[in-house]
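Undergrad: Below you will find the structure I want to go over with you.
The values are calculated or read from the model by the stated rules, or taken from the named source; none is laboratory data. No experiment lies behind these values; they were computed from the predicted model shown. Positions of Cβ are backbone-derived with ideal geometry, glycine not excepted, and every protein chain shown enters the neighbour counts. Side chains are part of the model used for accessible areas, which takes the heavy atoms of the whole protein and leaves out ligands, DNA and RNA. Shrake-Rupley method; radii C 1.70, N 1.55, O 1.52, S 1.80 Å.
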Amino acid sequence: MTGQAVKPLPSFFAEPERAEFLSLRAANAALREQLDTMRSLAFRDQLTGLFSRHYLTDYLEERIREDSNETNIVLALCDIDDFKTINDARGHQSGDIAIVCIADILDDLAGNHPVIRWGGEELLVVLFSTPDHEALRLCNRMREEVAAYRIDDGTGEFSCTLTFGLSAYDPSLTFAENFVRVDRALYRGKETGKNRCTFAQPDTAGEQR
Amino acid sequence: MRPASKELTVQVMLKPNCGLENTRASLVMRRILPLCDNLSCHPRTVKSDRSTIAFLRDHGLFIRFSSPTPEQVLLTIKRSFFVDHCSLVEDPDTIPSYEKAGIEADAMEDSAFALPSTFADENGLDRRGDELTNLLARFEEVHRKLRTHAEGQPQDRALSSIVFSHTQVVDELRTAVARSRIEPFDRMAPSLRTLIADYSGRFGVLADLDIVDGHMALDRSVLASMEEIIKRVLRFCLRDGIEQPEHRVAAGKPARALLRLRLESDGSEVVCRIEHDGKPFDSRGIARQAVKRGLLTRPLETYTEEEMGALLLLPGFVAAAEGPVSSLFPSSTR
């Protein structure tokens with residue numbers, strides 16, 4: 001993850017300094033790698049084991065910005081439908097169990113793509129190097145698998161559905177602006193019936209901010 | 001036909017104090033299910049039963065599986081965030097039994113890997129099968145509407161002809177779907193034999209299983225429900241109906257007992273008879289147990305022998321193995 005070009009040493013470096021410089025550079029690279037590993041372990045949500053929001057804001061955001069210039073990245077934000085109803089009707093532990101199951105299914109199906117617990121019942125999947133249609137297909141698969149899974153909280157079985165909002169990352173916009181787009185797509189999905197995947201429409205002049 | 005994959009057993013420990021251990025264990029099972037030909041876990045009821053948490057914390061989750069890609073199964077297990085470590089179990093006798101408090105303690109659930117039903121496949125086939133049945137029902141509904149419409153247009157010959165062909169296809173599809181749910185009874189034979197081997201070892205008896213007319217084919221869900229009850233009865237027979245080999249030989253019987261499962265059908269009903277050459281059944285003993293446990297809903301004298309015997313089939317009914325309490329069915333001496 002260093003991406004640093006190997007620069008030639010300045011010519012005026014004497015031999016002992018040269019050796020020290022090289023070893024420091026190697027140590028720096030090793031530390032960076034360790035830091036990456038530590039980040040991926042530390043920035044975790046305790047309940048679900050997914051990456052926490054901090055992981056995205058402190059680390060992943062930078063990577064997304066860089067990669068988006070070269071490949072297609074799709075942000076997929078999902079929200080558990082009528083989650084408040086489950087919490088109220090069955091209790092908070094049942095709600096927790098539901099989140100744990102849904103998080104695991106998404107993490108399983110996302111493969112190597114990071115899944116982040118964005119909010120209480122909101123999960124964000126960052127699909128690197130994925131064309132739009134493939135992202136949509138994957139999210140629909142996640143949605144269907146979650147809808148079909150019977151969650152058991154010890155007193156009975158129930159199922160949850162998800163609404164997904166998707167948006168291709170636009171490198172000309174800030175992360176926050178990109179996030180607004182995906183959030184709007186999610187909102188549209190909720191308004192039009194829930195339990196669906198909605199892709200963000202390209203910005204038109206008439207869209208409200 | 002692909003050769004059967006080797007059966008492996010692993011012990012999976014979850015991260016300490018991660019909470020909701022039973023749910024997390026069931027999610028591990030969910031991840032590896034598509035990779036396995038056979039899969040079962042111990043304790044069996046982790047998904048629904050929070051009281052398995054203590055066992056999971058102390059001993060972990062034991063998974064028994066066979067798969068064409070066992071390495072992938074192990075990798076999938078280890079990749080789960082909440083799995084702390086996973087190791088192969090060499091000696092299955094070291095697996096502690098799960099004792100659930102309460103009357104269920106002596107039921108089938110406590111044996112390691114109480115064998116899963118051959119036919120119940122909760123997250124896979126059954127769901128797809130129901131999907132197919134639902135789809136067929138919707139298709140037939142559309143067909144009915146089409147036919148009604150066509151009947152209102154008798155002058156349209158082309159339409160009538162099309163509807164006629166459509167009717168034929170609907171009929172054939174219905175038959176094909178029904179046929180796809182049919183399985184021969186014999187499919188559960190290996191599972192029953194394993195059960196006989198397991199339990200006869202446990203109870204210190206020798207027994208063989210003979211299935212008569214096992215080729216009989218029935219709907220999958222019927223077989224699944226039969227399988228549960230048959231296994232319960234077989235277990236009961238082995239525990240309370242078959243004598244120890246020494247006693248059998250002393251009584252002039254062969255050391256190995258024979259359990260015979262006989263399938264009979266008269267077209268509308270299927271009967272499964274289980275016979276053996278062990279001790280005769282004592283219905284009074286069963287009835288006394290039931291009285292003691294307050295299970296009878298009317299006076300004892302009003303129960304027929306058949307009804308008393310049927311009490312045995314109640315899930316969780318424990319007939320204490322004291323004295324000469326014996327098998328359910330009349331003995332047939334050989």
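Undergrad: So between B:Leu296 and B:Leu88, what do we pick up on full extension, going 0.36 nm a residue minus the alpha carbon distance? Show your work: numbers first, answer last.
TA: On the way: separation 208, 0.36 × 208 = 74.88 nm, distance 4.71 nm.
My answer for the length gained is 70.2 nm.
Undergrad: Percent of accessible area on region B:184-313 owned by carbon and sulfur, 1.4 Å probe?
TA: Working: 3420 of 6380 Å².
Within region B:184-313, the accessible surface is 54 percent carbon and sulfur.
Undergrad: Summing -39500 (n - 2.57) over the DSSP H runs of n ≥ 4 in chain A and dividing by its residue number, what mean residue ellipticity at 222 nm do you reach, to the nearest 500 deg cm²/dmol? Intermediate results must be reported in sequence, preceding the final value.
TA: On the way: 6 runs with 96 residues, N = 209.
Rounded to the nearest 500, the figure is -15000 deg cm²/dmol.
Undergrad: Report the gain in length on full extension from A:Asp82 to A:Thr161: 0.36 nm times residue separation, minus Cα-Cα distance, nm rounded to one decimal. Let's see the in-between values first.
TA: On the way: separation 79, 0.36 × 79 = 28.44 nm, distance 0.84 nm.
Contour length minus the Cα-Cα distance gives 27.6 nm.
Undergrad: Within 10 Å of each Cβ in A:148-161, how many Cβ atoms from other chains are there, averaged over the peptide?
TA: Mean partner shielding for this stretch: 3.
Undergrad: A further question follows. For A:Arg141 paired with B:Arg187, estimate the spin-label separation in nm (one decimal), with each label point 7 Å from Cα along the Cα-to-Cβ line.
TA: Reported label-point gap for A:Arg141 and B:Arg187 is 2.7 nm.
Undergrad: Report relative contact order for region A:45-179 in percent, whole number only (criteria: Cα-Cα under 8 Å, sequence separation at least 6).
TA: Numbers: 189 pairs, mean separation 48.5, N = 135.
36 percent.
Undergrad: Right, here's the next one. Leaving out same-chain residues fewer than 8 places away, which lysines sit with a Cα under 21 Å from that of A:Lys84?
TA: Within the straight-line cut-off, A:Lys84 pairs with A:Lys190, A:Lys194.
Undergrad: So how much accessible area does A:Tyr59 have, in Å² to the nearest 10, using a 1.4 Å probe?
TA: We get 40 Å² for A:Tyr59.
Undergrad: Shifting gears a bit: In a shell of Cβ-Cβ distance under 13 Å around B:Leu192, excluding B:Leu192 itself, what net charge do Lys and Arg (+1) and Asp and Glu (-1) give?
TA: 0
Undergrad: Let me ask something else. With contacts defined as alpha carbon pairs under 8 Å and 6 or more residues apart, what's the relative contact order of region B:7-110 in percent? Please report the intermediate quantities before stating the final value.
TA: Numbers: 158 pairs, mean separation 41.5, N = 104.
Contact order relative to length: 40 percent.
Undergrad: Heavy-atom accessible area of A:Ile86 with all protein chains present, probe 1.4 Å, nearest 10 Å²?
TA: 20
Undergrad: Still on this structure, I have one more. Going highest first, how would you order B:193-202, A:36-45, B:265-274 by mean Cβ packing within 10 Å? Walk me through the intermediate numbers first.
TA: Details: B:193-202: 16.3, A:36-45: 13.7, B:265-274: 10.7.
So the order, starting with the most tightly packed, is B:193-202, A:36-45, B:265-274.
Undergrad: Please give the per residue accessible area of region B:7-110, computed with a probe of 1.4 Å over protein heavy atoms only, in Å².
TA: Working: 4820 Å² over 104 residues.
Normalised by residue count, the accessible surface of region B:7-110 is 46 Å².
Undergrad: Any aspartates and glutamates with Cα under 20 Å of the B:Lys292 Cα? List them, leaving off those in the same chain fewer than 8 positions away.
TA: By straight Cα distance, B:Lys292 reaches B:Glu104, B:Asp106, B:Asp240, B:Asp282, B:Glu301, B:Glu305, B:Glu306, B:Glu307, B:Glu322.
Undergrad: Give the aspartates and glutamates reachable from B:Lys145 as a straight Cα distance under 12 Å; neighbours fewer than 8 places away on the same chain don't count.
TA: B:Lys145 reaches no qualifying aspartates and glutamates.
Undergrad: For region A:34-69 and region A:165-183, what is the separation of their Cα centres, given in Å?
TA: Using only Cα atoms, the two centres lie 18 Å from each other.
Undergrad: Exposed loop sites here are GluC sites (Glu not before Pro) in DSSP loop states with at most 15 other C-beta atoms within 10 Å. What is the longest stretch of chain A lacking them? Don't skip to the end; give the middle numbers.
TA: Details: sites that count: A:Glu70, A:Glu207.
The longest uninterrupted stretch comes out as A:71-206.
Undergrad: Given points 7 Å out from each Cα along the Cα-Cβ axis, report the B:Ala310 to B:Lys15 separation in nanometres with one decimal.
TA: 5.3
Undergrad: What total accessible area, in Å², is buried where chains B and A meet, using a 1.4 Å probe and rounding to the nearest 100? Let's see the in-between values first.
TA: On the way: alone 19220 and 12080 Å², together 29580 Å².
Adding both sides of the contact gives about 1700 Å².
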